[in-house]
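Here is the structure we will look at.
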Amino acid sequence: MPECRENGWKKEDLSQIIAKLEDSYNSHKGINHVDGLNIPTSESIHEIIKDLFALVFPGFFGKIQITTSSINYYAGNLLDSLYGKLSEQIKRALKYRCTLENCCNCQCADRAGSLAAFLLESLPEIRRLITLDVEAAFDGDPAARSVDEVILSYPFTKAITVHRLAHVLYKKDIPLIPRMMSEWAHGVTGIDIHSGAAIGESFFIDHGTGVVIGETCEIGNHVKLYQGVTLGALSFSKDEKGRLIKGEKRHPTLLDDVTVYANATILGGKTIIGKGAVIGGNTWVTESVDDYTKVSIGKPDLIFHRKKA
Amino acid sequence: MPECRENGWKKEDLSQIIAKLEDSYNSHKGINHVDGLNIPTSESIHEIIKDLFALVFPGFFGKIQITTSSINYYAGNLLDSLYGKLSEQIKRALKYRCTLENCCNCQCADRAGSLAAFLLESLPEIRRLITLDVEAAFDGDPAARSVDEVILSYPFTKAITVHRLAHVLYKKDIPLIPRMMSEWAHGVTGIDIHSGAAIGESFFIDHGTGVVIGETCEIGNHVKLYQGVTLGALSFSKDEKGRLIKGEKRHPTLLDDVTVYANATILGGKTIIGKGAVIGGNTWVTESVDDYTKVSIGKPDLIFHRKKA
Amino acid sequence: MPECRENGWKKEDLSQIIAKLEDSYNSHKGINHVDGLNIPTSESIHEIIKDLFALVFPGFFGKIQITTSSINYYAGNLLDSLYGKLSEQIKRALKYRCTLENCCNCQCADRAGSLAAFLLESLPEIRRLITLDVEAAFDGDPAARSVDEVILSYPFTKAITVHRLAHVLYKKDIPLIPRMMSEWAHGVTGIDIHSGAAIGESFFIDHGTGVVIGETCEIGNHVKLYQGVTLGALSFSKDEKGRLIKGEKRHPTLLDDVTVYANATILGGKTIIGKGAVIGGNTWVTESVDDYTKVSIGKPDLIFHRKKA
């Protein structure tokens, strides 16, 4: 890097910096999009998430109070503007992939509208699932005072709502946007759920910071996780050129009624945690576990050393 | 979920989506507040937190520079507007509970004003505690260059400030707001302190991501925690119907001068960590530890396998 | 704390609260800057980070689309305003230290301009490094669909970009600002990299929540970390008065091509992880590891207990 020319620098020298930066934009093109596509923007995706929350939880998020007589107007207004924003961002994402793949007959704009509508049509079903999730949270946490408290203040509510929305777009094979959505939730909650993970009904994650749920996880109904749980990959397959193979099932399956306590690690695409199993805190599990089995660490090998008072 | 009708979708179909969404608002009422109460809003709680930071740390947060001659005006102005915002949100929280409990003679508005004033009157005492906390952070972290750096950049400062404020409201039994405040801090810092936890003087958490401090924890003076420490529950008592019993002491007690290193887990309402004890990293502690005792994991059972270079 | 005078409180009593708060500003000066310096503000530092992202990743962040013909204008405009903001904040940081150290001949304003220019001149080199980092992320994560996805949605991109920028300012010994920058990234990503850590080329952290990289870490090229990894201090040296000694090498060294899996802990300033070594998940490493050695936990001592179905 250049020496720091302390005290001798003048603002006019900015033009040299600009010139060098332009060189950099030419020599390291991979991280800029000059003359590039209109890719989806983080700002728009965050706006869309905010609008979706206002539709999923009317009266909880957003500043407007809602009454029976106004709800039609409220939802219609929001849906209408959201439809436009969603279509635009999905169109950008589809065009982005088409350009990469030299496909030019993809009718991106038409498909984007249909896909945006598909997500909006899915909202009643998503609301049904989220109702079950927040009830599971209330039932599963002794500190929860009410379902309202769960909705207003639990990071889990944000994480699972974004996941259920992003997963719909993931299954429709829309590029970029599902991951941008889930990483927004990850940043806000510390809970990292890949938008590809298939999660059953009445799910709950308590506390949540540090949880990682990999792309190819399959999770049954009534599953409960605590902070720091990793549902991850054991190892990655490589092709003959030593490159990682993408798309295999790399992450575990959890059947119905499984509970996984804090900081447990469960790894591997062939690992199946049986129905009703309980995985204790701090465990390291890389093989399948039978139904209704409780797994815990042995009496930990701790050393007690008495200091002078 | 509905099939994706690609290419065939028209924007006019939005009215059908609106109709279905309205059905959903009727069939899954638990997650909306149509015709409901004015519950506290996240936006207002965040504004209140911002104002409280400006009052606790004048000259550090907020864009205004403060002088001896302006401080009276500055604090008065802020306090006045904050009093209004706080009263309104507390009133909403109290009315919310009254409605749930069919109580109608609670004088919510009057009580809300008094409770808001109570928090503001507590600010000098809270500032005294926070001064001790940031000094403990400076003394306890070799990377800290100054107390100012601790205030300006340590996530701990945000977490403990919000906790000391939220805990005052928690002890006054105000619903919803204390938890909304602590979850704001959790989201911003990765440190999850339940507003119910009782924390002594000169506390410090270094790094902090993943720390969980449960509702019924009791923590003495001069206690220091590192990232990933869980002070959690061992198991939950259930009533005769199998529902979790809420309100018991479920989380540990740490006496004065305890240090807990990274990723240690201490569980159970009857677990007491004695004065001056040091709990080593990665330990799993579910029983009480004597005063002045150092607990560490044994020599870990590691396997070393030499690969080809 | 004062008793809560429920129902009896009047808004006029605010003047008493203001008076007590003023007393507090006098008695606990450590956490306010009345009549103090203009220290750097979080808001300005965040604005600066946003502008730097727009310069490093044009077309990815910010709302403006960029073309070959507009890039000169775009970069020039941004650089010009950024130069002003950076100079001002660096000047505040330098003056802050000068005042503490009673130095009055430091030409802070001149030096600040040169240091701001130095960071801007470093941008091409920083862009080269970040290009390698995002390529390492794409190569190292089977879930990554494209480099664009890595830039748009991986928390690692935010964390390493801020680190590479903050590290330049750290090496120039600018107070407060580097740490404020890295703590912004910590808050947003859960990845806590001290701005002092020296990190080689083609670095990658997957998932990232809970990662801690200490101030005196030295990390080679092509190193890959997973979530929850701590590269920390083993113990702190104290001086004859029992105060922590600041400035020693307290954190480990990782040579080229090292991989560290989730939730591993590596501690100590003398601990060197050899070239090509692989540190398994959940390990606890406090001594050096030879080149090309794989370290893993032994078969964990788990207890399987079959419950009634």
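Quick notes on this structure:
- Electrostatic tally near residue A:191: other residues with Cβ closer than 12 Å to its Cβ, Lys and Arg +1, Asp and Glu -1, net -3.
- ³J(HN,Hα), Karplus 6.51/-1.76/1.60, whole Hz, each residue of the stretch B:297-303, x for Gly, Pro: 6, x, 3, x, 7, 9, 10
- When only alpha carbons of chain A are considered, Rg and Dmax amount to 23.9, 78 Å.
- The stretch A:233-304 and the stretch B:232-291 have Cα centres lying 26 Å from one another.
- Cα shape, the protein assembly as shown, gyration tensor, a/c 1.5 rule: rounded
- Taking amide H as placed 1.01 Å from N in the peptide plane, the amide H of residue B:254 sits under 5 Å from that of B:218, B:219, B:220, B:273, each at least 5 places away or on another chain.
- Sorted from nearest, the other copies put their residue C:270 label points 4.4, 4.4 nm away, the label point being 7 Å from Cα in the direction of Cβ.
- Set A:224/B:91; A:50/A:171; A:249/B:224 screened for pairs whose C-alpha atoms are more than 32 Å apart: A:224/B:91; A:249/B:224
- Residue of C:282, C:77, C:26 that the Gaussian network model of chain C assigns the largest fluctuation, springs spanning Cα pairs under 10 Å: C:26
- What the Cα atoms of the stretch C:192-267 give is an Rg and a Dmax of 13.1, 43 Å.
- Per residue, the average separation of C-alpha pairs within less than 8 Å and at least 6 apart gives the stretch B:99-222 a relative contact order of 24 percent.
- At q = 0.11 Å⁻¹ the log10 of I(q)/I(0) for the stretch B:35-190 amounts to -0.47, computed by Debye summation with a single uniform scatterer per C-alpha, solvent ignored.
- Euclidean distance of C-alpha centroids, the stretch B:172-192 and the stretch C:114-153, integer Å: 35 Å
- Comparing mean-square fluctuations of A:266, A:297, A:174 from a GNM of chain A with C-alpha springs under 10 Å, the top value falls on A:297.
- Taking all Cα pairs closer than 8 Å and separated by 6 or more residues, the relative contact order of the stretch A:35-190 comes to 26 percent.
- A simple charge model with +1 on the Cβ of Lys and Arg, -1 on the Cβ of Asp and Glu and nothing else charged puts the dipole of the protein assembly as shown at about 880 debye relative to its Cα centre.
- Extreme residue, positive dipole direction of the protein assembly as shown, given options C:297, B:276, B:120 (C-beta unit charges): C:297
- Each of A:154, C:170, A:292 was scored by other Cβ atoms within 10 Å of its Cβ. Listed from fewest to most, they are A:292, C:170, A:154.
- The phi-based Karplus calculation (6.51 cos²θ - 1.76 cosθ + 1.60; θ = phi - 60°) puts the 3J(HN,Hα) values of the stretch B:195-206 at 5, x, 4, 9, 10, x, 7, 6, 8, 8, 10, 8 Hz, whole numbers, x for Gly and Pro.
- Highest-MSF residue in chain A out of A:16, A:89, A:107 [GNM, Cα springs under 10 Å]: A:16
- Distant-in-sequence amide contacts of residue C:285, defined by a placed amide H-H separation under 5 Å and a gap of 5 or more residues or a different chain, comprise C:265, C:266, C:267.
- Among C:71, C:90, the order by Cβ neighbours within 10 angstrom, fewest to most, reads C:71, C:90.
- Straight-distance crosslink candidates among aspartates and glutamates, where the alpha carbon sits under 13 Å from residue A:270 and sequence neighbours closer than 8 are dropped: A:218, A:248, A:287
- Mean sequence separation of contacting Cα pairs (under 8 Å, at least six apart), scaled by the length of chain B, corresponds to a relative contact order of 10 percent.
- Counting beta carbons within 10 Å around each of B:173, C:301, B:291, B:141 and listing the fewest first gives the order B:173, C:301, B:291, B:141.
- The DSSP beta bridges internal to the protein assembly as shown are antiparallel in roughly 20% of cases.
- According to the calculation over all Cα-Cα pairs in the stretch A:121-163, the P(r) per 10 Å bin from zero is 29, 56, 14, 1 %.
- Using a cut-off of 29 Å between Cα atoms, the listed pairs A:158/B:20; B:275/C:29; C:29/C:95 include B:275/C:29 as exceeding that distance.
- For the protein assembly as shown, adding -39500 (n - 2.57) for each run of n ≥ 4 DSSP H residues and dividing by the number of residues yields -14000 deg cm²/dmol at 222 nm.
- Farthest positive-ward along chain B dipole, Cα basis, beta-carbon charges - from B:234, B:169, B:153: B:234
Bear in mind these aren't lab numbers, they're just calculated from the coordinates by the rules spelled out. Everything numeric in this text was worked out from a predicted model, so none of it was measured. Cβ sites come from the backbone with ideal geometry, for glycine too, and all protein chains shown count toward neighbours.
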